[in-house]
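*Asks:* Before anything else, here's the structure in question.
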Amino acid sequence: MHVFISYSSQDKAAVGRIAERLRADGHDVWMDSLKLRPGDNLQRKVQEGLDEADALIVVVSENSRQSRWVQREFSAIAFQQISRGERRIIPVRLDKAEVPSYLADRVFLDLSENFEAGLARLSEALREGAPPPASRDPAQDDETRATQIANLCDALRKGRLTLVCGAGVSIQAGIPDWGNLLIRLLERMMDRISKDHSLNIGKKAAADFQKAHGSSSLILGKYLKNNLGRDFTSEMHAALYSTEPTSSTLIDSIATLSRPQRDGRPLDSIITFNFDCLIEENLTAKSIRNKPIYSEAIQHDPNELPVLPCPRLSA
């Protein structure tokens with residue numbers, strides 16, 4: 001099994017003992033002190049290790065919590081796990097440090113009280129591996145789907161349905177997907193660099209830069225936000241709306257759900273992961289009163305539909 005270990009360099013001694021035990025068990029262990037050589041591209045090598053890993057061990061400690069680089073790596077691992085749910089994340093706690101919230105749903109191994117006993121449990125967990133997926137009955141799946149739809153309809157009639165709009169809801173309307181958005185922002189950033197320093201970088205440089213350094217979209221997004229600084233919001237708006245998108249059948253359907261139904265109430269609220277405001281703009285255009293809630297201080301009237309943007313690319 002390929003095992004990737006994410007940790008703070010200040011915990012190298014303890015992590016070395018973990019790696020030694022896992023290698024003795026026959027696992028291929030990825031940790032920077034073992035895999036990196038002078039001249040290696042750090043970000044690329046880390047991404048290669050993550051891509052190959054069957055299991056991801058996140059070593060949680062006070063040292064790792066104080067390291068911005070480790071926290072970025074932790075969040076990138078959690079982000080990838082969402083899109084590749086077949087892999088295993090095992091938080092391993094060296095001391096009494098709190099496990100990060102985005103790993104709180106994972107059962108962690110505590111090595112703080114008895115290191116050797118915890119290490120034995122880790123070895124056993126990896127040796128057992130993930131259980132095979134259970135066989136499913138298609139008829140049972142159909143029944144489950146019908147029950148879920150009925151529950152959703154009942155929640156909508158009672159005004160207790162919250163619609164969660166994931167990233168991609170606005171793509172049909174012409175908003176760029178995540179990869180193309182990053183490319184557009186890179187192009188705009190490099191265009192500014194060209195003008196500021198009288199260079200001729202060219203648009204192809206943005207794609208080359210992303211290929212060389214941007215294999216982790218989350219890390220690249222944070223890089224762009226940091227480098228664009230105060231201009232991030234305006235540059236983001238320009239990149240999102242460069243094709244002058246308006247609406248789509250999906251957004252129109254969301255607006256329809258937002259209205260009071262003949263036999264029930266409207267949506268309770270909308271949670272959106274999107275950077276654009278097409279949902280809010282279309283609700284307003286269709287005379288559906290709504291209120292974007294982007295801070296705890298904002299209140300909405302009972303007859304206003306709250307639209308809650310999720311935190312994105314926080315510093």
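Let's see how each residue does on (1) farther than 17 Å from GLU244 by Cα; (2) of a type outside the set (A, V, I, L, M); (3) not assigned by TED's automatic domain parsing to the domain that holds LYS225:
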site: ASN151; (1), (2), (3): yes, yes, yes
site: LEU156; (1), (2), (3): yes, no, yes
site: LEU161; (1), (2), (3): yes, no, yes
site: VAL164; (1), (2), (3): yes, no, yes
site: GLY168; (1), (2), (3): no, yes, yes
site: LEU181; (1), (2), (3): no, no, no
site: ARG184; (1), (2), (3): no, yes, no
site: GLU187; (1), (2), (3): yes, yes, no
site: ASP191; (1), (2), (3): yes, yes, no
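*Asks:* Take region 91-102 and flag every residue that is closer than 10 Å to VAL60 by Cα and either buried (at least 18 other Cβ atoms within 10 Å of the Cβ) or modelled with pLDDT under 85 (or both).
*Replies:* PRO91, VAL92, ARG93, LEU94, GLU98, VAL99, PRO100
*Asks:* Filtering region 18-68 down to residues that are of a type in the set (Asp, Glu), modelled with pLDDT of 85 or more and part of a helix (DSSP H, G or I), which residue is nearest to the chain's Cα centre (by Cα)?
*Replies:* Within region 18-68, the match that is nearest to the chain's Cα centre (by Cα) is GLU62.
*Asks:* Limited to region 258-305, what total is found for residues that are free of Cβ contacts under 8 Å to residues at least 60 places away in the same chain and assigned to a strand (DSSP E or B)?
*Replies:* Residues in region 258-305 being free of Cβ contacts under 8 Å to residues at least 60 places away in the same chain and assigned to a strand (DSSP E or B): 4 in total.
*Asks:* Out of (1) surrounded by fewer than 18 Cβ atoms within 10 Å (Cβ to Cβ); (2) at pLDDT 85 or above; (3) more than 22 Å from ILE175 (Cα to Cα), the odd one out for ASN226 is which?
*Replies:* Every condition holds for ASN226 apart from (2).
*Asks:* Within region 69-89, restricting attention to residues that are at pLDDT 70 or above and buried (at least 20 other Cβ atoms within 10 Å of the Cβ), which residue is farthest from ALA167 (Cα to Cα)?
*Replies:* The extreme case among them is VAL70.
The values are calculated or read from the model by the stated rules, or taken from the named source; none is laboratory data. Here the structure is a predicted model, which means the values were calculated and not measured. Here the Cβ is made from the backbone with ideal geometry for all residues, glycine too, and neighbour counts use every protein chain on show.
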